[in-house]
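Quick notes on the structure that follows.
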Number of protein chains: 2
Amino acid sequence: MMTRLLGVLGGMGPLASAHFMTRLTLLTEASQDQDHVPAILWSDPRIPDRSAALRGDGPDPLPALMRGVDGLRQAGCGAIVMPCNTAHAWHQAMAERAGVPFLHIADATADALRKVAPPPCVVGVMGTAATLAMRLYQDRLSAQGWEVITPDEAEMARLVTPAIASVKANRVAEAFAPLAEAANLLGQRGARAVVLGCTEIPLGIQAGPQDQLHVPLVDTIDALACAARDWARQAG
Amino acid sequence: MMTRLLGVLGGMGPLASAHFMTRLTLLTEASQDQDHVPAILWSDPRIPDRSAALRGDGPDPLPALMRGVDGLRQAGCGAIVMPCNTAHAWHQAMAERAGVPFLHIADATADALRKVAPPPCVVGVMGTAATLAMRLYQDRLSAQGWEVITPDEAEMARLVTPAIASVKANRVAEAFAPLAEAANLLGQRGARAVVLGCTEIPLGIQAGPQDQLHVPLVDTIDALACAARDWARQAG
């Protein structure tokens, strides 16, 4: 039985954090309830909009994020994860406050990537324009030996950005063809694998014929769930 | 923006509580993250097996359940729900400890039932043999004016029990026909609606042609999510 208690800072959005809890459960080998990861999900959808704040166009979410960190610590959590790409812009300050491991989604992704495309090699990263501009994945993956490429501006405008909007509007099947094209274009430019650094992209890319995808894909929410599970499994 | 913080005592099993968080989100009208219910999910799969304890065949889960209640209260939750039918055997002791509203899954079900089959009338309840033996739904629904009928022993043995086992074994589609037959038999015996008092039954019954169901169904996890959402919406 696992003795470590995982903290999940969520609510950004609440559907993504519920999905994370589902994936954490499904990715844990278990034959009974008692084999699963003990976890507390702090789902606070009131946290101010992260994208608006990054654009300088809304209140700072950091105080609300810090309240979540404090709440998870007070509940006895021994590590924290945050299934939201954009909120990782505040990761460093939160990790310092936490005083326990705060697993970074890009480091979890690197661990998953190492299994399918070990460095040194070229990998692709897809995400919203905001996530790519933050260099959330590029900097951490480059530091660990990968050469990172991303869709160019024309591909973002023609393929990725409209496909993400389709998924958000529940037109999931429409998103498959443009996302598959964008991933395959990264493959043609040399990517040995492509990171799906956004919660909407995996939903779109699962909604079509998988044999049209010519490059291995890494889902960052699954990567974070695996890293959390592996932390929980260690004795402690 | 909602100011009330909901506590969710889960992990029994962890997939059911992740599903509850998903349904809570989808059943809340929202146009942005900030419109959703702030909630803390205390997912503790280490809680000893409830069915085994009820059979007198395993450790008492109450101390672990009480730790969850205390943790949710310390985190500031103003009400508690528990998306697990069997654990409601310990509801009264937990509600006394909580000192805040602890919404009962059968009362939430009564609220949902009132909309489709207001009392006095006959309603059916399907569930595991253990849940039916606990009279979890029968007593509370009878007290509120419904006459409650359940599948007879032969129907449990031939239809409901094997169908629940099929769902647990991931053979979801196979469960549809027997569950639909059991629900329709309750309808033929006069039930104006049928309560699906088990987390597996709704999964099986959604996996087939819905026009073969001749009686309205009430999903208890959805009913609990609606009751939780309605509590959170009140000013507080």
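The values are calculated or read from the model by the stated rules, or taken from the named source; none is laboratory data. On a predicted model such as this, the values are computed, not experimentally measured, just so you know. For neighbour counting, all protein chains shown are included, and Cβ atoms are generated from backbone atoms with ideal geometry for every residue, glycine included.
Observations, loosely collected:
- Of all the criteria given as (1) closer than 21 Å to B:ALA227 by Cβ; (2) at the interface with chain A (Cβ under 9 Å from one of its Cβ atoms); (3) among the small types (Gly, Ala, Ser), the one not satisfied by B:GLY7 is (2).
- Of the criteria (1) more than 29 Å from B:LEU203 (Cβ to Cβ); (2) among the small types (Gly, Ala, Ser); (3) more than 13 Å from chain A (Cβ to nearest Cβ), which one B:ALA75 fails: (3)
- Entirely in region B:1-114, the helices (runs of 4 or more DSSP H) that have 2 or more residues that are closer than 24 Å to A:ARG50 by Cα: B:14-26
- Subset of region B:24-41 that is within 21 Å of A:ALA225 (Cβ to Cβ) and at pLDDT 95 or above - its residue that is surrounded by the fewest Cβ atoms within 10 Å (Cβ to Cβ): B:ILE40
- Scanning region B:26-41 for residues that are among the hydrophobic types (A, V, I, L, M, F, W, C) and either more than 21 Å from A:GLY71 (Cβ to Cβ) or in contact with a Pro (Cβ under 9 Å, 6 or more places away or on another chain) (or both) turns up B:LEU26, B:LEU27, B:ALA30, B:VAL37, B:ALA39.
- Selection status of A:ARG114, under 14 Å from the mean Cα position of the chain (by Cα) and surrounded by fewer than 16 Cβ atoms within 10 Å (Cβ to Cβ): no
- Region A:66-90: number of residues that are surrounded by 18 or more Cβ atoms within 10 Å (Cβ to Cβ) and farther than 21 Å from B:SER43 by Cβ: 5
- The residue that is farthest from the other protein chains (Cβ to nearest Cβ), counting only those in region B:52-65 that are of a type outside the set (A, V, I, L, M) and surrounded by fewer than 16 Cβ atoms within 10 Å (Cβ to Cβ), is B:GLY56.
Here is a yes/no grid of residues against (1) surrounded by 15 or more Cβ atoms within 10 Å (Cβ to Cβ); (2) more than 15 Å from A:PRO120 (Cα to Cα); (3) modelled with pLDDT of 95 or more; (4) in contact with a Lys or Arg (Cβ under 9 Å, 6 or more places away or on another chain):
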site: A:ILE149; (1), (2), (3), (4): yes, no, yes, yes
site: A:VAL160; (1), (2), (3), (4): yes, yes, yes, no
site: A:ALA180; (1), (2), (3), (4): yes, yes, yes, no
site: A:ARG192; (1), (2), (3), (4): yes, no, yes, no
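Conditions (1) in contact (Cβ under 8 Å) with a residue 60 or more places away in the chain; (2) in contact with a Gly (Cβ under 9 Å, 6 or more places away or on another chain); (3) closer than 28 Å to A:GLY187 by Cβ, marked per residue:
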residue: A:ARG67; (1), (2), (3): no, no, no
residue: A:GLY76; (1), (2), (3): yes, yes, no
residue: A:ALA93; (1), (2), (3): no, no, no
residue: A:THR128; (1), (2), (3): yes, yes, yes
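- Selection of first residues in region A:21-46 that are at the interface with chain B (Cβ under 7 Å from one of its Cβ atoms) and within 16 Å of B:ILE47 (Cβ to Cβ) and of second residues that are assigned to a loop (DSSP other than H, G, I, E, B) and among the polar types (S, T, N, Q), restricted to Cβ pairs under 7 Å at least 6 apart or on distinct chains, gives the following pairs, ordered by first then second residue: A:HIS36/A:THR28.
- Residue within region A:78-98 that is under 13 Å from A:VAL8 (Cα atoms), within 11 Å of chain B (Cβ to nearest Cβ) and more than 17 Å from the chain's Cα centre (by Cα) present: no
- Selected residue (only one of A:ALA117, A:ALA133 is away from every other protein chain (no Cβ under 14 Å), under 25 Å from A:VAL160 (Cβ atoms), out of contact with any helix residue (DSSP H, G or I) (no Cβ under 6 Å at 6 or more places or on another chain) and at pLDDT 95 or above): A:ALA117
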